[in-house]
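J.: Got a structure for you, questions after.
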Amino acid sequence: MIKKVLVPLDGSKLAEQILPYARLLGEAYQSPVELLSIDDAETRAAFGPSGGRGGEYLKSIAGQFPATVKVDAVVERGRPADVIVQRAKLEPGCVIAMATRGRSGLKRWLLGSVAAKVVQAAENPLLLVRASGEAEATLKGFGIIVPLDGSELAESVLPIAVDLAKRIKTEIVLVRAYELPVTAYYRTDDYAEAEAFIPTRKELVAAMSREAREYLDAKIKEIRDGGFERIRSEIVEGPAAEQIIDLARTSGGLIAMCTHGRSGVKRWVLGSVTEKIVHHAASPMLIVRAR
């Protein structure tokens, strides 16, 4: 359950591209939205506004929200990533919603800077949107793509994904990606058939597809039994990050996933699948810290 939406802004039009998503979440959950401006030495050097002017800027942004959504404007001093993480931590039900780029690419909030630090340090869920010069997008009409690796940790994103799908009236697509062993791509079926103990590529594909289908079907049944019907699944062969990015691009979906995977050993963390997706996906992402 989302109880608050925290929206860090740096005064740029690119950073403001998170606002349609923040408005949608505020309306869907009837939760307050907190607009946050952070006054630090770097911000003052780059943008010029003092804390007071930052407050006036936030008030003008607050006026763009529907009257049904309570909006607070807050100006803080300190290091941006630290302030964002600490303010979100005050409310366990808070989602941090931010764009991954800021001031026209010059002083950017992107991976390697503020957004990267927030992704790594925040205990709260994050909604990240790749800012661009294009027209504003909206979550309405998007499907929610949930990559799963078979672990309970990866599945911990499901409650928030299902709740969001119910509220914005969209579908969920469960995705399981699998990769064949490297040797399978170099071994011919004729050679494999000659060695009884070596499965053919077709056999490997069939076995892995069957395992993925059984797993996803069980998850779909579990979710439908809980009262949510708009759910389907996709099984894809190939590197997980690339397949998820392609699927989201072609379907126009929001990617919802955890930052951990299989029991912390094969983890979805920065440096692995999540990092690749956050770096390269043009689609919005909902990231939940698996516990």
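J.: What is the sum of charges, Lys and Arg at +1 and Asp and Glu at -1, for the other residues whose Cβ falls under 15 Å from the Cβ of residue 69?
T.: Working: positive: 3, 4, 23, 59, 70, 167; negative: 27, 34, 72.
My count for the surroundings of residue 69 gives +3.
J.: Could you name the aspartates and glutamates whose alpha carbon sits less than 17 Å from that of residue 59, not counting residues in the same chain fewer than 8 places away?
T.: List returned: 10, 16, 34, 39, 72, 76.
J.: Can you tell me which aspartates and glutamates have their Cα less than 19 Å from the Cα of residue 276? Leave out same-chain residues fewer than eight positions away.
T.: 149, 179, 237, 242, 246
J.: Follow-up question, since we're still on this one. For the residue pair residue 232 and residue 123, what label-to-label distance in nm results when each label sits 7 Å from Cα along the Cα-to-beta-carbon direction?
T.: Inter-label distance under the simple model: 4.0 nm.
J.: Tell me the net charge near residue 30. Cut-off is 12 Å between Cβ atoms, residue 30 excluded, with +1 for each Lys or Arg and -1 for each Asp or Glu. Let's see the in-between values first.
T.: Details: positive: 3, 4, 70, 167; negative: 27.
That sum, taken over residues with Cβ under 12 Å, equals +3.
Taken together, the values in this text are just the output of simple stated rules run on the coordinates, not laboratory data. Computed from a prediction, not measured in an experiment: that's the story for all the values here. Heads up, the Cβs are rebuilt from the backbone with ideal geometry, glycines too, and the neighbour counts pull from every protein chain shown.
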